[in-house]
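Visitor: Pasting a structure below so you can have a look.
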Amino acid sequence: MSADADLQLDACPVCRGRRTPYAFSVPDARVVRCTDCDFLFLNPQPSDEILRKIYSGEYFCGANDDTMRAHVATLKTATAGSYLDLLRQRGVPSGRLLEVGCGDGYQLHAAEGRGYDVVGIEFSEYAAAKARAGLTRGTVLVGDLTTAKIEPESFDVCVLADVIEHVRDPRAFLEHVWRALKPGGAILIATPSTDSWSARVMGGGWMEFKTEHMSYFSRRSLQSLLWQTGFEAVHEEPGRKVVSLHYVAAHFERYPVPLWTPLMRLFTGLIPQSSLEKPRHISGSGMLVFATKGRRAERPLLSIVVPAYNEKATVAEVLSALAAKQIAGLDKEIIVVESNSTDGTRDIVRGYASHPEFRLILEDAPRGKGAATRAGLAAARGDIVLIQDADLEYDLADYELLLEPIVAGRQAFVLGARHGGGGWKIRNFTDQPLHSFLLNGAHWGFTFLINVSLGIWLRDPFTMYKVFRRDCLHGLTFECNRFDFDWELLIKLVRRGYRPIELPVNYRSRSFKEGKKIRMIRDPLTWIAALLKHRVSRL
């Protein structure tokens, strides 16, 4: 293909899905949306020749105005300092720092001033020359990460400030970053976010829709990509930058947006010059994401958490089935949390103490299913977590169905919905029809309540089959001890931005006579309390 030909992609750069229909058009570009992972990107992409013309010496704001250039330098230096403050807070106060897409070098200069050994990579020869001129020890290479001669495992941190949205293949790009970082090294990404308030308000007129911006991430799609490329312990927050009204107005003039540019012009005409140029910390269109280099195993590890209390009648069959279960492409660990049962369950569980795939947590007293599940999650080491009850209500044959969207990188959170085939499937007690009717009615009522409260639409939010990437739990704490933990887990993951998909699973309900442990008065009260508290409490 010639250098001046646009590039047509046949799959999503994030999840490799092929369902990428047209979403909308922006000036000189066509935006498509992956229906599997919700990632937005340009397709076709601009040619190399078009990008070379864009990244000229006049690309950066203020390039032809000495006064504006000095003003921009002040703002960008302050923003760079805030990024370094975050690195210090996250435990990376010094070391070797690589910045890809370093521009005029403000981040490199600030980092070198704080004691980092810095290396920059910049596509624009003009910008690279300016960045190089301001350094005393650092190096700036012209080109891109794929062609630069970077030694593997040679950097403590990599900064990607407003660069990953410019990359043709963000997956391959992050794989190169992963190789460049030392074990446990950190990555800091600042990029426009489709979750930001400006993106939601401006829609297709969002100022970040530009020809050179080929990728548009949401929190969900970026975290998924980081997970797939070997990063973990992801911390995300709104991207706060130091800007001025004068700088914002200049940006709108450079990239005109119908309605918004005239409004900004009118607004700034009413503001005193001193106020226009005042630096301000603003969270506008971006997100700031910090993550650390983890392992990249050819076979991801699945952690199956099994809380068990007084399940002698079924636990042996469940554990035997789990031991025999083979899942293509995955290794597994089975974490059994036994809560000091009184019916002999512990003796059965202890029989797996020497099994290489089993890890046993023997509690000294029962504190509830939620407490046992929390203990299992805290011990989990896998890339993916699946919660499995010790009874026989759910079918292990559904594992592959539930795991496939996560392994493929399309989803982070999956629920196994017990509905299907019509009728009262969730509580179908043939020996206790009144209990069945009451519990099914309560299920629909509570489902409506949680859907309205969270702004979602789920059919079975309280299913035990909750499957998710372990990194979804990073930074979250849990406290519920009984069945209200199902509510707490769902609420916090949804509030964190993980919208689950539901897949139908086989289910055979057992009645209270067969050992069901829900209390029909106490537990519903704890569910409501969990919703009231965790819907509004700080994550």
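Just so it is clear, none of the values below were taken in a lab; they were calculated from the coordinates. Remember, it's a predicted structure, so these values are computed and weren't measured experimentally. Neighbour counts are summed over all protein chains in view; Cβ atoms, including those assigned to glycine, are modelled from backbone coordinates with ideal geometry.
Visitor: Listed here are the pairs Lys210/Lys241; Lys241/Lys492; Lys182/Lys492; which of them are more than 23 Å apart at the Cα?
Guide: Long pairs (Cα-Cα over 23 Å): Lys241/Lys492; Lys182/Lys492.
Visitor: Check Ala417: other-chain or 5+ apart residues with amide H under 5 Å from its amide H, H built from backbone geometry?
Guide: So Ala417 has HN proximity to Leu503, Val505.
Visitor: Ok, one more. Ranking Ser339, Ser320 by Cβ neighbours within 10 Å, fewest first, what do you get?
Guide: Lowest count first: Ser320, Ser339.
Visitor: Next up: Helix 245-254 against the longest principal axis of the chain: what's the angle in degrees, Cα atoms only, rounded to the nearest 10?
Guide: Tilt of helix 245-254: around 80 degrees.
Visitor: List every residue whose amide H lies under 5 Å from the amide H of Val140, counting only residues 5 or more places away in sequence or on a different chain, with H placed 1.01 Å from N in the peptide plane.
Guide: Gly120
Visitor: Next up: Taking only Cα atoms, what is the 0 to 90° angle, nearest 10, from helix 369-379's long axis to the longest principal axis of the chain?
Guide: 50
Visitor: Dividing the Cα convex hull volume of the stretch 269-378 by residue count, how many Å³ per residue is that? Spell out each step's value before the answer.
Guide: Details: hull volume 24.1 nm³, N = 110.
Convex hull volume per residue, Cα atoms: 219 Å³.
Visitor: I would also like to ask the following. Starting from the Cα of Asp364, step 7 Å toward the Cβ, then list every residue of the stretch 322-340 with an amide N under 15 Å from that point.
Guide: What the label zone holds, given the 15 Å backbone N cut-off, is 339-340.
Visitor: If you build the Cα gyration tensor of the stretch 213-313 and take the root of 5 times each eigenvalue, what three semi-axes come out, in whole angstrom, biggest first?
Guide: 47, 16, 13
Visitor: Below 16 Å, Cα to Cα, which aspartates and glutamates can Lys149 reach? Residues fewer than 8 away in the same chain don't count.
Guide: Cross-link targets: Glu99, Glu122, Glu175.
Visitor: Alpha carbon centre of the stretch 309-373 versus the stretch 227-247: separation in Å?
Guide: The two parts, judged by their Cα centres, are 40 Å apart.
Visitor: Once you keep just the Cα pairs under 8 angstrom separated by 6 or more residues, what percentage relative contact order results for the chain? Don't skip to the answer; put the middle values down first.
Guide: Values: 1005 pairs, mean separation 58.6, N = 539.
Rounded, it is 11 percent for the chain.
Visitor: In the chain, if the dipole is taken from +1 on Lys/Arg beta carbons and -1 on Asp/Glu beta carbons about the Cα centre, which of Leu473, Gly455, Gln223 is farthest to the positive end?
Guide: Working it through, the farthest residue towards the positive pole turns out to be Gly455.
Visitor: While we're looking at this one, here's another question. Do me a favour and compute the ellipsoid semi-axes for the stretch 83-196 from its Cα gyration tensor, root of five times each eigenvalue, largest one first, whole Å.
Guide: Ellipsoid semi-axes (Å, largest first): 18, 17, 15.
Visitor: Which of Glu311, Glu237 has the fewest other C-beta atoms within 10 Å, and how do the rest follow up to the most?
Guide: In increasing order of surrounding Cβ atoms, one gets Glu237, Glu311.
Visitor: Here's a follow-up. For a quick check: with amide H placed at 1.01 Å from N, whose amide H comes under 5 Å from Met287's, ignoring anything fewer than 5 positions away on the same chain?
Guide: Thr191, Ser193, Gly239
Visitor: So what is the diffusion coefficient of the stretch 1-140 in µm² per second by Stokes-Einstein at 4 °C and 1.567 mPa s, using a Kirkwood Rh over Cα pairs?
Guide: Estimated via Stokes-Einstein, D reaches 74 µm²/s.
Visitor: Still on this model: Only four residue types carry charge here, +1 at the Cβ of Lys and Arg and -1 at the Cβ of Asp and Glu. Report the dipole size of the chain about the Cα centre in Debye, rounded to the nearest 20.
Guide: 1260
Visitor: Against the empirical 2.2 N^0.38 Å scaling, what ratio does the C-alpha Rg of the chain come to?
Guide: Values: Rg = 26.5 Å, N = 539, 2.2 N^0.38 = 24.0 Å.
Rg over 2.2 N^0.38 Å, computed on Cα atoms: 1.10.
Visitor: Please give the helix 219-228 orientation as an angle from the longest Cα principal axis of the chain, in degrees from 0 to 90, rounded to the nearest 10.
Guide: The answer is roughly 80 degrees.
Visitor: What distance in nm separates the simple spin-label points at Thr147 and Tyr22, each placed 7 Å from Cα in the Cβ direction?
Guide: The modelled label-to-label distance comes out at 3.4 nm.
Visitor: Would you mind ranking Trp197, Trp487 so that the residue whose beta carbon has the fewest other beta carbons within 10 Å leads the list? Let's see the in-between values first.
Guide: Numbers: Trp197 12, Trp487 24.
In increasing order of surrounding Cβ atoms, one gets Trp197, Trp487.
Visitor: In nm, to one decimal, how far is the Ser537 label point from the Ile50 one, both placed 7 Å along Cα→Cβ?
Guide: My value for the distance between the label points is 5.0 nm.
Visitor: Order 356-367, 294-305, 94-105, 121-132 from most to least packed using the mean count of other Cβ atoms within 10 Å. Working shown, then result.
Guide: Working: 356-367: 14.5, 294-305: 17.2, 94-105: 23.6, 121-132: 20.3.
My ranking of the peptides, most packed first, is 94-105, 121-132, 294-305, 356-367.
Visitor: Can you compute the FRET efficiency between Ile528 and Ala78 using 1/(1 + (r/R0)^6), with r the Cβ-Cβ distance and R0 = 51 Å? Round to the nearest 0.05.
Guide: 0.65
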